[in-house]
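I have placed the structure first, in the form of structure tokens, so that the comments after it can refer back to it.
The values are calculated or read from the model by the stated rules, or taken from the named source; none is laboratory data. Quantities reported herein were computed from a predicted structural model and do not represent experimental measurements. We place every Cβ from the backbone using ideal geometry, glycine too, and count neighbours over all the protein chains shown.
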Amino acid sequence: MKVSSGLRRIGLIGHGAIGQEITGALGRLGEEDRLAAALVRQGRSAPAGVHSLDALIDSLVGARPGCVIECAGQAAAARYGPGLLEAGIDLILSSVGILADDSVTAALLDAEHRGGGRLLLPAGAIAGLDGLVAAALAGIDHVTYSSHKPPHAWQGTPAERLIDLDHDEDEIMFFEGSARRAASDYPKNANVAVAVGLAGIGIDDTRVRLVSSRKVDDPLGVIEAEGKFGRFRFDILALAAPDNPKTSALTAYSLLQCARLEQGLPISALIQRKSNIVG
């Protein structure tokens with residue numbers, strides 16, 4: 001099934017677990033032709049029928065996608081993001097944790113200003129971001145994001161040095177701190193913490209708790225906020241991605257739907273709004 005020429009085409013940076021889920025979903029929707037190109041490392045396979053660009057950003061720009069979904073990690077987002085934004089191409093970030101680095105954020109926003117491409121934040125695996133954006137205008141006093149995952153999901157992270165992941169306890173909270181520090185220390189597990197921070201009161205004032213839990217088989221995210229608007233709590237139990245227990249199975253679909261509907265939270269506006277509220 002061919003897609004309408006009126007629908008903008010999509011590019012990918014990365015074709016690991018998230019990228020493969022996105023291309024699979026496009027196939028199930030009959031929208032394979034929307035995929036313009038995939039930027040992958042040498043030796044990695046690109047989707048069938050799509051040219052592997054072997055890390056050549058000019059080739060990705062030349063494929064003329066309307067937007068590009070980044071799903072290759074923070075280093076790839078920092079390396080390729082500015083060039084895409086300068087070329088006027090919207091960039092949808094999966095590795096939101098990169099925005100905890102002020103210098104990288106400044107480079108991305110400067111490229112956005114020069115080229116006109118938009119730096120966009122998807123809802124990701126966490127519901128409630130729109131509610132946080134609205135509540136921030138009314139006035140938020142406190143925001144806490146708690147991430148509960150089974151012990152094996154924390155393997156390969158600093159948690160291994162802090163606690164015994166074979167623990168008998170039902171739950172162990174091994175980290176409590178700012179969203180900025182969470183994203184820095186746990187980039188593959190806590191990207192969503194930065195998204196919560198940007199949507200609400202900022203990444204330095206948002207508190208994050210990371211928990212190794214035998215009570216859950218899949219990731220449980222909890223957002224709690226309180227302020228002049230009242231109080232709310234969102235509990236989101238999302239199935240883990242089959243090939244990556246550190247991420248939610250919903251992540252790929254959130255990124256793809258952001259691209260398909262041409263909707264996302266503009267990061268520059270969120271940062272500017274936070275500056276205005278603080279000022």
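Computed values, structure above
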| read-out | value |
| --- | --- |
| Asp54 vs. criteria of a type in the set (D, E, K, R), at pLDDT below 90 and either assigned by TED's automatic domain parsing to the domain that holds Ile18 or over 20 Å from the mean Cα position of the chain (by Cα) (or both) | yes |
| Odd one out for Leu120, checked against (1) at positive phi; (2) under 18 Å from the mean Cα position of the chain (by Cα) | (1) |
| Filter result for Leu210 (part of a helix (DSSP H, G or I) and crowded, with 22+ Cβ neighbours inside 10 Å) | no |
| Members of region 85-97 found to be hydrophobic (A, V, I, L, M, F, W, C), closer than 21 Å to Gly16 by Cα and in contact (Cβ under 8 Å) with a residue 60 or more places away in the chain, listed by number | Ile92, Leu93, Val96 |
| Region 10-20, subset over 15 Å from the mean Cα position of the chain (by Cα) and surrounded by 24 or more Cβ atoms within 10 Å (Cβ to Cβ), residue farthest from Gln263 (Cα to Cα) | Gly11 |
| Qualifying positions in region 63-108 - surrounded by fewer than 23 Cβ atoms within 10 Å (Cβ to Cβ) and among the acidic types (Asp, Glu) | Glu86, Asp101, Asp102 |
| Residue identified as in the same structural domain as Gly66 (by TED's automatic domain parsing) and either in contact with a helix residue (DSSP H, G or I) (Cβ under 7 Å, 6 or more places away or on another chain) or within 20 Å of Ala195 (Cα to Cα) (or both) among Gly115, Gly139 | Gly115 |
| Residue in region 233-279 that is surrounded by the most Cβ atoms within 10 Å (Cβ to Cβ), counting only those that are among the polar types (S, T, N, Q), modelled with pLDDT under 85 and in a helix (DSSP H, G or I) | Gln272 |
| Options Asp166, Asp205: the member that is among the acidic types (Asp, Glu), surrounded by fewer than 18 Cβ atoms within 10 Å (Cβ to Cβ) and in contact (Cβ under 8 Å) with a residue 40 or more places away in the chain | Asp205 |
| Within region 174-184, tally of residues that are buried (at least 18 other Cβ atoms within 10 Å of the Cβ) and either touching an Asp or Glu at 6+ places or on another chain (Cβ under 9 Å) or at pLDDT below 95 (or both) | 6 |
| Residue in region 220-229 that is modelled with pLDDT under 90, out of contact with any Leu (no Cβ under 8 Å at 6 or more places or on another chain) and closer than 29 Å to Ala72 by Cβ present | no |
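Table: residues versus (1) of a type in the set (Ser, Thr, Tyr); (2) surrounded by fewer than 23 Cβ atoms within 10 Å (Cβ to Cβ); (3) modelled with pLDDT of 95 or more; (4) over 20 Å from Ala179 (Cβ atoms).
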site: Asp110; (1), (2), (3), (4): no, yes, yes, yes
site: Gly115; (1), (2), (3), (4): no, yes, yes, yes
site: Ala127; (1), (2), (3), (4): no, yes, no, no
site: Leu132; (1), (2), (3), (4): no, no, no, no
site: Ala135; (1), (2), (3), (4): no, no, no, no
site: Gly139; (1), (2), (3), (4): no, yes, no, no
site: Ser146; (1), (2), (3), (4): yes, yes, yes, no
site: Ala153; (1), (2), (3), (4): no, no, no, no
site: Gly156; (1), (2), (3), (4): no, yes, no, yes
